[in-house]
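In what follows, a single structure is set out as structure tokens and then discussed.
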Amino acid sequence: MFASENGLKGDPRLEAISAAIRVVPDFPKKGIMFQDITTLLLDHKAFKHTIDIFVDRYRDMQISVVAGVEARGFLFGPSIALAIGAKFIPLRKPGKLPGKVISESYELEYGHDRLEMHVGTVEPRERVIIIDDLVATGGTLSAAISLLESQGAEVVECACVIGLPEVKGQHKLKGKPLYVLVEPSGVDEFC
Amino acid sequence: MQTIIISSPLVSHRLSLALPVPRSPLINYHHGAPPSIRLSSHRFTNSLRLFSSAAAASRDSEMATEDVQDPRIAKIAASIRVIPDFPKPGIMFQDITTLLLDTEAFKDTIALFVDRYKGKDISVVAGVEARGFIFGPPIALAIGAKFVPMRKPKKLPGKVISEEYSLEYGTDKIEMHVGAVEPGERAIIIDDLIATGGTLAAAIRLLERVGVKIVECACVIELPELKGKEKLGETPLFVLVSSA
């Protein structure tokens, strides 16, 4: 569900966030309008708004774990975790985490990839949110949900800065709520 | 070898703190650790080294410990897990994921950096992919700076500048978006750990090429035997934990 449908309609912070995101056409390949959040990170106010909106939403929901998907989920997740007093768990590409891991595969347009998590990092029934910069097909987030649930955690919500059109009108991902701040910016805002 | 004198609020209140009792190696170490005592004892050795040789360790890189142990440092050091033989035999990998599971230790880590860098006119926090992305943004947000990710090749979508650096075998590249920083800006570069210093040195060169002044490199952990500091040239290095 988009933030504007969920109590933040007309919130000027959302417009500032959207305006700060740069669109790069034809990356990584032709036809893709890549939503570049690095320009959001350069805009201190807009970056702070992004974190504040998530923190306001989750601070009173007894969330003890924020899981972030490598690598852009790492840009948002830790700040949220720190502000709400939760642990941060990185969900990583294969071979990066040094300890004992569990892994889950997910589909790419061509082929598969895997997402890994350290075992023993969540207790059963801990309440978790999963963060990434953007949700497109939901494949990565689905794998993340599977990983956390296999360890007995309760995934309360998945949260992303940007949600692609495929997810509009779809409020749930694998039965879990999805919370998104903004839709993709159009090419007019390319700078 | 130059050290930037940055007045640290840590100094004044550290002097009034009693030396903390070393933590038991078995406490605070249940998150996903393989059940191996040898890991704990290695970590305990690190902590002891900190307590007893803080003065020596601070000789080359500036460490947060200096004369009297800030109790936050011991907790941070104790929360870092060492994994032997990763990614290959002989390497004692410093795993910060356990630090991220310790909410107090993570909060303290960020606070130590923020206390050092706020109010110093630093407008850029550059963080090296991927573990620099975990520590850099909270620091940037707290001190009012931009966060600039420095990434492996082909990850950044826009126009980039890149800098090559040596690996044990071969080379790698680090990239930054053109226009992310302006000449004259003051920056710090963050990573979780400095080993040989190759990556940080490349990051420094990249920022200096576009006219940015690097005030300091800041890492949670240093592996001093690898002499990474020597690769940083004039740029000072600040670390929280030194691990042999």
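The values are calculated or read from the model by the stated rules, or taken from the named source; none is laboratory data. Computed from a prediction, not measured in an experiment: that's the story for all the values here. Reconstructed Cβ throughout: ideal geometry from the backbone, glycine too, with neighbour counts over all protein chains shown.
Taking (1) in contact with an Asp or Glu (Cβ under 8 Å, 6 or more places away or on another chain); (2) among the charged types (D, E, K, R); (3) within 8 Å of another protein chain (Cβ to nearest Cβ) in turn, B:K107 satisfies each apart from (1). For segment A:134-147, the set of residues classified as under 20 Å from A:I84 (Cβ atoms) and either of a type in the set (G, A, S) or surrounded by fewer than 24 Cβ atoms within 10 Å (Cβ to Cβ) (or both) consists of A:A144, A:I145, listed by residue number.
I'd like the residue in segment A:31-63 that is exposed (fewer than 15 other Cβ atoms within 10 Å of the Cβ) and touching a residue at least 24 places away in the same chain (Cβ under 8 Å) and, out of all such residues, is farthest from A:I162 (Cα to Cα). Here the answer is A:Q62. Number of residues in segment B:147-159 that are surrounded by 21 or more Cβ atoms within 10 Å (Cβ to Cβ), under 22 Å from A:K45 (Cβ atoms) and not aromatic (F, W, Y) equals 2.
I'd like the full set of residues that are in a strand (DSSP E or B) and modelled with pLDDT under 95, limited to segment A:101-122. Within segment A:101-122, A:Y106, A:E107, A:H112, A:D113 qualify.
Scanning segment B:176-219 for residues being in a strand (DSSP E or B) and charged (D, E, K, R) gives a total of 5.
Taking segment A:75-116 as the search range and keeping residues that are acidic (D, E) and more than 12 Å from every other protein chain (Cβ to nearest Cβ), which one is surrounded by the most Cβ atoms within 10 Å (Cβ to Cβ)? Looking at the filtered set, the residue picked out is A:E104. Checking each residue of segment B:84-100 against the condition of being in contact (Cβ under 8 Å) with a residue 60 or more places away in the chain and more than 11 Å from chain A (Cβ to nearest Cβ) gives no match.
Note on segment B:207-244: residues that are of a type outside the set (A, V, I, L, M) and buried (at least 18 other Cβ atoms within 10 Å of the Cβ) amount to 13. Name the single residue that is surrounded by the fewest Cβ atoms within 10 Å (Cβ to Cβ) among those in segment B:76-97 being among the charged types (D, E, K, R) and assigned to a loop (DSSP other than H, G, I, E, B). Here the answer is B:K88. For segment A:170-181, the criterion of being among the hydrophobic types (A, V, I, L, M, F, W, C) and without any contact (Cβ under 8 Å) to a residue 24 or more places away in the chain is satisfied by no residue at all.
Of all the listed residues (B:E168, B:E208), the sole one being out of contact with any strand residue (DSSP E or B) (no Cβ under 9 Å at 6 or more places or on another chain) and either without any contact (Cβ under 8 Å) to a residue 12 or more places away in the chain or away from chain A (no Cβ under 14 Å) (or both) is B:E168. In segment A:25-60, the residue that is nearest to the other protein chains (Cβ to nearest Cβ) out of those that are in a loop (DSSP other than H, G, I, E, B) and within 17 Å of the chain's Cα centre (by Cα) is A:I37.
Among all residues of segment B:98-116, there is at least one that is part of a loop (DSSP other than H, G, I, E, B) and either modelled with pLDDT under 95 or among the acidic types (D, E) (or both). Residue check, A:I130 against (1) within 19 Å of A:M1 (Cβ to Cβ); (2) touching a Phe, Trp or Tyr at 6+ places or on another chain (Cβ under 7 Å); (3) not in a helix (DSSP H, G or I), all met but one. Which one? Result: A:I130 fails condition (2) only. Filtering segment A:64-76 to residues that are in a strand (DSSP E or B) and without any contact (Cβ under 8 Å) to a residue 60 or more places away in the chain leaves nothing. Selection of first residues in segment B:114-140 that are facing chain A (nearest Cβ under 9 Å) and of second residues that are among the hydroxyl-bearing types (S, T, Y), restricted to Cβ pairs under 8 Å at least 6 apart or on distinct chains, gives the following pairs, ordered by first then second residue: B:F135/B:T109; B:P137/A:S79; B:P138/A:S79.
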